[in-house]
1. Filter region 184-211 down to the residues that are in a loop (DSSP other than H, G, I, E, B) and surrounded by 13 or more Cβ atoms within 10 Å (Cβ to Cβ) and list them by number.
2. Looking only at region 101-160, which residues are acidic (D, E) and touching a Pro at 6+ places or on another chain (Cβ under 8 Å)?
3. Among the numbered criteria (1) over 18 Å from R152 (Cβ atoms); (2) open to solvent by less than 20 Å² (accessible area, probe 1.4 Å), which one does A25 miss?
4. What number of residues within region 171-191 satisfy the criterion of being among the hydrophobic types (A, V, I, L, M, F, W, C) and either at pLDDT below 95 or outside the structural domain of L213 (by TED's automatic domain parsing) (or both)?
5. Go through (1) more than 26 Å from K32 (Cα to Cα); (2) touching a helix residue (DSSP H, G or I) at 6+ places or on another chain (Cβ under 6 Å) for R181 and report which single condition fails.
6. Of the residues that make up region 156-171, is at least one touching a His at 6+ places or on another chain (Cβ under 7 Å) and in contact (Cβ under 8 Å) with a residue 40 or more places away in the chain?
7. When only residues in region 147-169 that are in contact with a Lys or Arg (Cβ under 9 Å, 6 or more places away or on another chain) and among the β-branched types (V, I, T) count, which is farthest from N11 (Cα to Cα)?
8. Is it the case that region 136-152 has a residue that's assigned to a loop (DSSP other than H, G, I, E, B), without any contact (Cβ under 8 Å) to a residue 24 or more places away in the chain and within 12 Å of the ligand (Cβ to nearest atom)?
Amino acid sequence: MRFDVITIFPNVIEPMVNESILKRAQDKKLVKIQAHDLRDYTEDKHRKVDDRPFGGGPGMVMCCQPIFDAVKKIRGRRKAHVVMTCPRGKTLTQKRAKRLTKHKNIIIICGHYEGIDERIYDELVDESVSIGDYVLTGGEIPALVIMDAVTRLIPGVLGKEESLDSESFDQNRLDFPQYTRPADFRGKKVPDVLLSGHHKEVEQWRKAQALALTKKHRPDLLKDSK
Ligand code: SAM
């Protein structure tokens with residue numbers, strides 16, 4: 001799978017994708033991530049990529065030309081799914097992330113300022129994705145969120161020790177609570193069952209705890225499962 005990120009801040013993307021799971025996935029050649037500086041594609045001699053909005057109003061709007069040309073050049077002869085990071089998009093969920101793993105090539109566009117010229121949505125964008133109902137300054141953090149959420153779902157990316165099986169949102173449940181050494185931390189003890197060595201009982205306890213946590217923190221997930 002390949003991600004191409006179109007941004008005016010490639011330096012924001014690069015350090016994050018060169019650490020942890022995203023780096024490991026790239027080292028294993030399961031994923032390739034490339035950040036492209038939008039300013040390299042502008043025909044403006046001052047490397048401008050934005051202009052004032054027609055109809056007036058505050059702020060600037062990202063222009064068509066650099067984004068159209070960047071997508072065309074990056075896509076080349078490959079088939080690519082173009083994702084726009086945008087508050088208007090459908091909110092990213094685990095299901096949506098899973099669906100995105102089906103695409104071999106994803107181009108992510110990071111907006112800035114007041115957003116992008118509407119003609120870019122009309123002509124280029126296959127899917128708009130929001131990471132929540134709040135407004136961020138730019139699309140770089142959403143792009144990183146999307147790539148992280150999608151990459152860890154690609155078979156082979158997570159090691160044996162990091163299973164996807166019981167993760168939150170799998171089967172509309174939150175994950176069960178975890179404990180580690182010491183078994184007694186300043187008088188606060190780990191539940192006995194986890195020290196019992198009875199795998200079946202541990203499994204039952206974890207299932208019950210996952211359900212209880214979901215009921216308490218995210219009852220909406222249980223409704224969705226019906
Ligand atoms: N004027 C726009 C609005 O009110 O919907 C907000 C533009 S925002 C300041 C600039 C860029 O940040 C957007 O074009 C988008 O790429 C990104 N962005 C901001 N919030 C986002 C969110 N919740 N999810 C995804 N992208 C977001």
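1. From region 184-211, those in a loop (DSSP other than H, G, I, E, B) are 186-187, 190-191, 196-198; that's our starting set.
Within region 184-211, V190, P191 meet the criteria.
2. Selection gives E114, D133.
3. Exception for A25: condition (1).
4. Initially, region 171-191 is screened for residues among the hydrophobic types (A, V, I, L, M, F, W, C), giving 174, 176, 183, 185, 190.
Next, only the ones that are either at pLDDT below 95 or outside the structural domain of L213 (by TED's automatic domain parsing) (or both) stay: none.
Number satisfying all stated conditions: 0.
5. Condition (2) is where R181 drops out.
6. Scanning region 156-171 turns up no residue that is touching a His at 6+ places or on another chain (Cβ under 7 Å) and in contact (Cβ under 8 Å) with a residue 40 or more places away in the chain.
7. Out of the qualifying residues, it is V157.
8. Scanning region 136-152 turns up at least one residue that is assigned to a loop (DSSP other than H, G, I, E, B), without any contact (Cβ under 8 Å) to a residue 24 or more places away in the chain and within 12 Å of the ligand (Cβ to nearest atom).
The values are calculated or read from the model by the stated rules, or taken from the named source; none is laboratory data. No experiment lies behind these values; they were computed from the predicted model shown. Using ideal geometry, Cβ is built from the backbone for each residue, glycine included, and neighbour counts are taken over all protein chains shown. Just so you know, the surface numbers come from the protein's heavy atoms only, side chains and all, with ligands and any DNA or RNA stripped out. Shrake-Rupley method; radii C 1.70, N 1.55, O 1.52, S 1.80 Å.
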